[in-house]
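Only one structure is covered here, and it is reproduced in the block below.
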Amino acid sequence: MNRTKIFAFITVSALLFACGSQDEPSAAGGGPPVLKNGGRVGPISPFDTLKAEFDSRIIDIDKLDSTNIEVFQAMSLVFPEGNTTSNTLHFIGTNKAEGSGLEHFEQDIRNDSIVLLNLKNEIGYVQTRAVFYYSTYPILDSPNNEEATPDSLEKNFGQKNLERGITFAGVIGLNEQPVWVDLNDFFTLSLEKYDSLIVTLRNTRNPDVKLELKFPLINTNDSTIVAETNSDKTKSIHYKMDPEFMPEEAHSKPIVFKIKVSLSSSNSTLTPYLLDVRIRKRELLI
């Protein structure tokens, strides 16, 4: 079983000291624990666990408190029962998603930080101060996100960002405490003739989550594409909008497409997910 310690929002005055260098290892080969990867991670899903990884093992993790860890949003430090030494500190967000109640970090955060003070490693060296920086993706999953009332990607992100590529998080499934059910999420965007669309579903805890693309064809019996599972267990759709198979208006104006993320009632285990979406304009393909 995991144990947690909750750290609350600290005062703004502490933010003034969020930037700084950490102690360097000694020339003799020993030294204080140093954060890997420059102490930066992300962006990650707000529903993920933050992992601050050091080059040596930190002792007495269970004794760390607000004198050792300064944060700028509420979060919990998680560590295994009976194991109080590790080279990685794990943090989870404590905000609750509307409806599902799934806990998460604040969304769409850029370069937030956790200040780590006086951490001792197994060989006795103390890191007096290290700063861990992280970023999170936005969450797009409104309570009324149904086929008749989908979330518009153009409205939420803008056309230019769709062409650069966007990533956002959502939640789908069944939560029985209290009862909350959402088995279908819909998102819309518009494509012009010969635009290409790339959509990837990833970072799901439930492998049965489906990804589909729905659009109007002249022959409406073939208006849905179901994503295939890739070798890395992501699911993706690559589609090029050919006006030849579209209604007449597709030759002169954009056509609305719907992206569908869904779960069957037979395996509706609650899960967050990430969705990557990018539109490639015709001129980029020439």
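The values are calculated or read from the model by the stated rules, or taken from the named source; none is laboratory data. Bear in mind that the values here come from a model prediction, so they are computed numbers and not experimental data. In this analysis, Cβ positions are derived from the backbone assuming ideal geometry, glycine residues included, and neighbour counts consider all displayed protein chains. Heavy atoms of the whole protein, side chains included, go into the accessibility calculation; ligands, DNA and RNA do not. Shrake-Rupley method; radii C 1.70, N 1.55, O 1.52, S 1.80 Å.
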Check cross-link reach from Lys281 to the lysines: straight Cα distance under 17 Å, and skip same-chain residues fewer than eight apart. Lys160, Lys193, Lys240, Lys253
Tell me, what HN-Hα J-couplings in whole Hz come from the Karplus equation 6.51 cos²θ - 1.76 cosθ + 1.60 at θ = phi - 60° for each residue of the stretch 242-249, using x for Gly and Pro? 9, x, 4, 9, 9, x, 3, 5
Give me the extension gain from Arg278 to Ile198: residue separation times 0.36 nm, minus the current Cα-Cα distance, reported in nm with one decimal. 28.3 nm
Residue order for Phe157, Phe72 - accessible surface, 1.4 angstrom probe, largest first: Phe157, Phe72
So the FRET efficiency between His238 and Asp108, C-beta based with R0 = 25 Å and rounded to 0.05, is 0.40
Relative to the Cα centre, what is the charge dipole magnitude of the stretch 81-186, using +1 at the beta carbon of each Lys and Arg, -1 at the beta carbon of each Asp and Glu, and rounding to the nearest 20 debye? 720
Within-10-Å neighbourhood charge of Gln73 [Cβ basis; K, R +1; D, E -1]: -2
Using alpha carbon centroids, what distance separates the stretch 152-209 and the stretch 88-133, in Å? 27
Quick one: dipole size for the stretch 109-168, taken about the Cα centre, charges +1 on Lys/Arg Cβ and -1 on Asp/Glu Cβ, in debye to the nearest 20. 520
Give me the lysines in straight-line cross-link reach of Lys51: C-alpha distance below 28 Å, same-chain residues under 8 apart excluded. Lys5, Lys36, Lys63, Lys96, Lys120, Lys233, Lys235
GNM result for the chain, Cα springs below 10 Å: residue of Asp60, Asp232, Asp112 fluctuating most strongly: Asp232
Among Gly82, Ser113, Ala130 - extreme Cα towards positive end, dipole of the chain, charges at beta-carbon: Ala130
Express the carbon and sulfur contribution to the solvent-accessible surface of the stretch 68-114 as a percent, rounded to the nearest whole number, probe 1.4 angstrom. 41
